[in-house]
There are 2 protein chains.
Amino acid sequence: MKTYNVGILGATGAVGREMLKVLEERNFPINELRLLASPRSVGKKINYRGKEIEIKLACHEAFAGLDIVLGAAANAVAKEFKDDIVKAGAVFIDNSSAFRQDPDTPLVVPEINGDDVFNHHGVISNPNCSTIITLMAVKGINKLSKITGMVASTYQATSGAGVEGPIELMAQMEELGNEYKESGVIPNKGNVEPKVFQYQIAGNVLPMIGSLTDNLYTTEEMKMQNEGRKIMHLPELKVTCTCVRVPVVRSHSIAVSVYTEKPLSVEEVKAQIAKEQGVKLYDDPANKIYPMPIVTSDQDITYVGRIRKDLIHENGITLFCCGDQVRKGAATNAVQIALKLVGLDF
Amino acid sequence: MKTYNVGILGATGAVGREMLKVLEERNFPINELRLLASPRSVGKKINYRGKEIEIKLACHEAFAGLDIVLGAAANAVAKEFKDDIVKAGAVFIDNSSAFRQDPDTPLVVPEINGDDVFNHHGVISNPNCSTIITLMAVKGINKLSKITGMVASTYQATSGAGVEGPIELMAQMEELGNEYKESGVIPNKGNVEPKVFQYQIAGNVLPMIGSLTDNLYTTEEMKMQNEGRKIMHLPELKVTCTCVRVPVVRSHSIAVSVYTEKPLSVEEVKAQIAKEQGVKLYDDPANKIYPMPIVTSDQDITYVGRIRKDLIHENGITLFCCGDQVRKGAATNAVQIALKLVGLDF
């Protein structure tokens, strides 16, 4: 079997570490594994298949000999090294948003537009996490009738903000929980200062993720429309999205109303979703079966439930979906792109 | 000044206790205050304006001489005593959902349809909590152009499930927070068994509130449309709602897309919402100003922010609102109905 020299750029972050786990789980055919990070992580060791691999410095010369580089770093880092990676002859599968709207860069969810990987010019972008989970949930609907629009409200986990997000949540939960235990009074605010999030996240929700754009949507909210158009090959798709951070560790949830060209029945939608790769129909609310973060975390599958007819538009279906955004929303999807690229099952 | 004999049915619950606070804050002109509850609370004392008031038994004979009974009990209790209250000559301002769709019973948010209180036949219903907060947020929009539909996704606090809700949340937060502190590993699930909620609520979200109806929406979700129609005098109003419980103590939040007959600009909507009674325009996301539970709790005001044009419909406005559902969503609204009924400012 052919093997590949694989690098991870940003190997010590939440997504980088998860990529390593997924490469191992999926038995990716690796010859050399090169873990690259910023100076403060250089020399640290990370275990892969029982071997300690030393972190090397991410620098312009770091990519020689690599076939694939999985990018798990910030936009600025991705931009800094993109040309070096491409010149080294590697394909850069990048999780940052830096190149997602570049017309020469495929933006891929393998179960939706896998063949787009072959149109790359050295870079393939991995989409936004909430967008991946939402599109996975609705891709079956698009097969039944073309999707024209979506209204989406997200319930996004703290791990979407990186490895420090859940740590901040836990510190605040511990303080508030212990304060209640000692005083018997339910506290509203605590004293653990927010650093990752704009305000306290424990016991709170924050309706602002990303930065504000001219139309008063955030960058995060616009990804659902802009990336959805490119991935689904639906250039006219319209999406109204509200992104909200909630005090959850892992897995993003999304309440979505999906509008299609033709009206669809709940039964045909359920039957199609049940057949979809990477998706689990999880829809029996009378028996307490519905998607939620504590069920979906540490898995690659997007759970879909609460499927019902929209009450405004005859051509609408409303549902609730949930999936682990560090895995399918980031690391798993990137490794799946790599598998598709080298011609293996994903 | 005329004074009134006021009873509270279900005085020891979360809403009953808050009604007592609001009666005091609003200087409701009380002659006798009678606190009624189930046998297990009888004989306990609750402080009102420095006086200890003994809880009396809620029984068929308990209402003689009362002018107003504020109902803070479950549907079954409200139904059991309704005829007794009306026969005693009192007006029953009931927070349960038992009579909300009764055509003879006004369903009132005083700032929206206050004059409806005078059409009562002994009972006035207090609306659902999420519905009150949402309608308070959009009532200004309906003045600019008639609302035809809404898509709403809720982020509902644990106190909406009664006084035991936040206690369960706190116990789970304490366990998870301490587990992380001791182990350094972020926990997903804990061992504090859910009793109030169907599953663990700390670190989770539950897309199911109320029981399932024939159209696969829950009873809680259908209230937004059914109660919205009656309160707003919009019999054709269509609402697609998804109700989700989140690990928050107080204040429900709602992401809403509002569709109107005419297109509206963000500027005119903001200007109108800024003028609305009981509503605060809180909309400067670039400067971290947006509604959230830790800001709105223990207040009577509904905060509205993130106002922007819907991206699907030219006639749509999308926003995020947040308000304390134990206060404006229940206790405060009931006391305001009583104030309106006796001709006082609310």
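Taking R0 as 56 Å, what's the FRET efficiency between A:ASN215 and B:LEU57 from their Cβ-Cβ distance, rounded to 0.05? Numbers along the way, then the final one.
Details: r = 59 Å, r/R0 = 1.05.
My answer for the efficiency is 0.40.
List the lysines whose Cα sits under 28 Å from the Cα of B:LYS143, skipping any in the same chain fewer than 8 residues away.
Straight-line reach from B:LYS143, under 28 Å: A:LYS238, B:LYS223, B:LYS230, B:LYS238, B:LYS262, B:LYS270, B:LYS275, B:LYS280, B:LYS309, B:LYS328, B:LYS340.
Could you work out the relative contact order of segment A:214-346, using alpha carbon pairs under 8 angstrom and six or more residues apart, expressed as a whole percent?
Computed over segment A:214-346, the figure is 23 percent.
Can you tell me the order of B:319-332, A:222-235 when each peptide is scored by its average per-residue count of other Cβ atoms within 10 angstrom, highest first?
B:319-332, A:222-235
Which FRET efficiency value, to the nearest 0.05, do you get for A:LYS44 and B:ASN27 by plugging their Cβ-Cβ distance into 1/(1 + (r/R0)^6) with R0 = 56 Å?
After rounding, the FRET efficiency stands at 0.30.
Determine the shape class of segment B:82-165: with a ≥ b ≥ c the square roots of the Cα gyration tensor eigenvalues, call it rounded for a/c under 1.5, and otherwise prolate if a/b is greater than b/c, oblate otherwise.
Here segment B:82-165 falls in the oblate category.
In the Gaussian network model of chain A, springs joining C-alpha atoms below 10 Å, which of A:ASP102, A:ASP94, A:ASP67 carries the largest mean-square fluctuation?
A:ASP102
Treat every Asp and Glu Cβ in the protein assembly as shown as -1 and every Lys and Arg Cβ as +1, leave all other atoms uncharged, and give the resulting dipole magnitude about the Cα centre to the nearest 20 debye.
Here the size comes out at about 0 debye.
For B:HIS252, enumerate residues with amide H under 5 Å from its amide H, sequence gap 5+ or separate chain, H modeled in the peptide plane.
Here B:ALA157, B:GLY323, B:GLN325 satisfy the definition.
Add +1 for every Lys or Arg and -1 for every Asp or Glu among the other residues with Cβ under 10 Å from the Cβ of B:GLU276, and state the total.
Computed value for this residue: +3.
Once you list every other residue whose beta carbon is under 10 Å from the beta carbon of A:HIS121, what net charge do they have if Lys and Arg are +1 and Asp and Glu are -1?
Every neighbour counted, the sum reads -2.
Any idea what the dipole of segment A:149-193 comes to, in debye rounded to 20, about its Cα centre with Lys/Arg Cβ at +1 and Asp/Glu Cβ at -1?
Value, rounded to 20: 220 debye.
Report the extension gain between B:LYS87 and B:ASP104 in nm, rounded to one decimal, defined as 0.36 nm multiplied by the number of residues separating them, less their alpha carbon distance.
Between B:LYS87 and B:ASP104, full extension yields 4.5 nm more.
Of A:ILE93, A:HIS120, A:ALA74, which is farthest on the positive side of the dipole of segment A:35-130, counting Cα position, with +1 on Lys and Arg Cβ, -1 on Asp and Glu Cβ, and the Cα centre as origin?
A:ALA74
Just the Cα atoms of chain A: what Rg and Dmax do they give in Å?
So, for chain A, Rg and Dmax equal 20.5, 63 Å respectively.
Using modelled backbone amide H atoms (1.01 Å from N, in-plane), which distant-in-sequence or interchain residues come within less than 5 Å of A:ILE30's amide H?
Under 5 Å from the amide H of A:ILE30: A:TYR4.
List the distances, in nm and shortest first, from the label point of A:ARG40 to the matching label points in every other copy, placing each point 7 Å from Cα along the Cα-to-Cβ direction.
Label point to label point, same position, other copies: 5.2 nm.
Are there DSSP H segments in chain A that both extend 27 Å or more along their axis (alpha-carbon positions) and score a mean Kyte-Doolittle hydropathy of at least -1.0? List them, or say none.
On the way: long enough: A:164-183 (29 Å, -0.93).
Taking the DSSP H segments of chain A (at least 27 Å long, mean hydropathy at least -1.0), we get A:164-183.
Through the Karplus equation 6.51 cos²θ - 1.76 cosθ + 1.60, θ set to phi - 60°, convert the phi angles of segment B:57-62 into ³J(HN,Hα) values in whole Hz; use x for Gly and Pro.
Each residue's phi maps through the Karplus curve to give 6, 6, 9, 4, 9, 7 Hz.
Check each of the GluC sites (Glu not before Pro) in segment B:244-296 and keep only those in coil by DSSP with at most 14 other C-beta atoms within 10 angstrom; list them in order.
Here the GluC sites (Glu not before Pro) that fit, given the DSSP loop and packing criteria, are B:GLU261.
Which one, B:ASN315, B:ASN47, B:ASN126, has the greatest fluctuation when you compute a Gaussian network model over chain B with C-alpha springs under 10 angstrom?
B:ASN47
How large is ³J(HN,Hα) for each residue in segment A:94-106, as worked out from phi by the Karplus curve 6.51 cos²θ - 1.76 cosθ + 1.60 (θ = phi - 60°), to whole Hz, x for Gly and Pro?
For segment A:94-106, the Karplus curve yields 10, 7, 6, 8, 4, 10, 4, 9, 5, x, 7, 10, x Hz.
Local charge sum around A:TYR290 (other residues, Cβ-Cβ under 15 Å, Lys/Arg +1, Asp/Glu -1)?
Neighbour charge sum, excluding A:TYR290 itself: +2.
Explain nothing, just the number: dipole magnitude of chain B about its Cα centre with +1 on each Lys and Arg Cβ and -1 on each Asp and Glu Cβ, in debye rounded to the nearest 20.
Rounded to the nearest 20 debye, it is 340 debye.
Tell me which of B:LEU23, B:SER41, B:ALA64 sits at the most positive position along the dipole axis of segment B:12-97, charges placed on C-beta atoms (Lys, Arg +1; Asp, Glu -1).
Projecting each Cα onto the dipole axis, the largest value belongs to B:SER41.
Relative contact order (percent) for chain B, with alpha-carbon contacts under 8 angstrom and 6 or more residues of separation?
Here the relative contact order equals 18 percent.
Per DSSP H run of n ≥ 4, the term is -39500 (n - 2.57); total these for chain A, divide by its residue number, and report the mean residue ellipticity at 222 nm rounded to 500 deg cm²/dmol.
-9000 deg cm²/dmol
All of the numbers you see were taken from the coordinates with simple rules; none came from a lab. Note that the structure is a prediction, hence the values are computed from the model and not measured. Note that we place each Cβ from the backbone using ideal geometry, even for glycine, and neighbour counts take in every protein chain shown.
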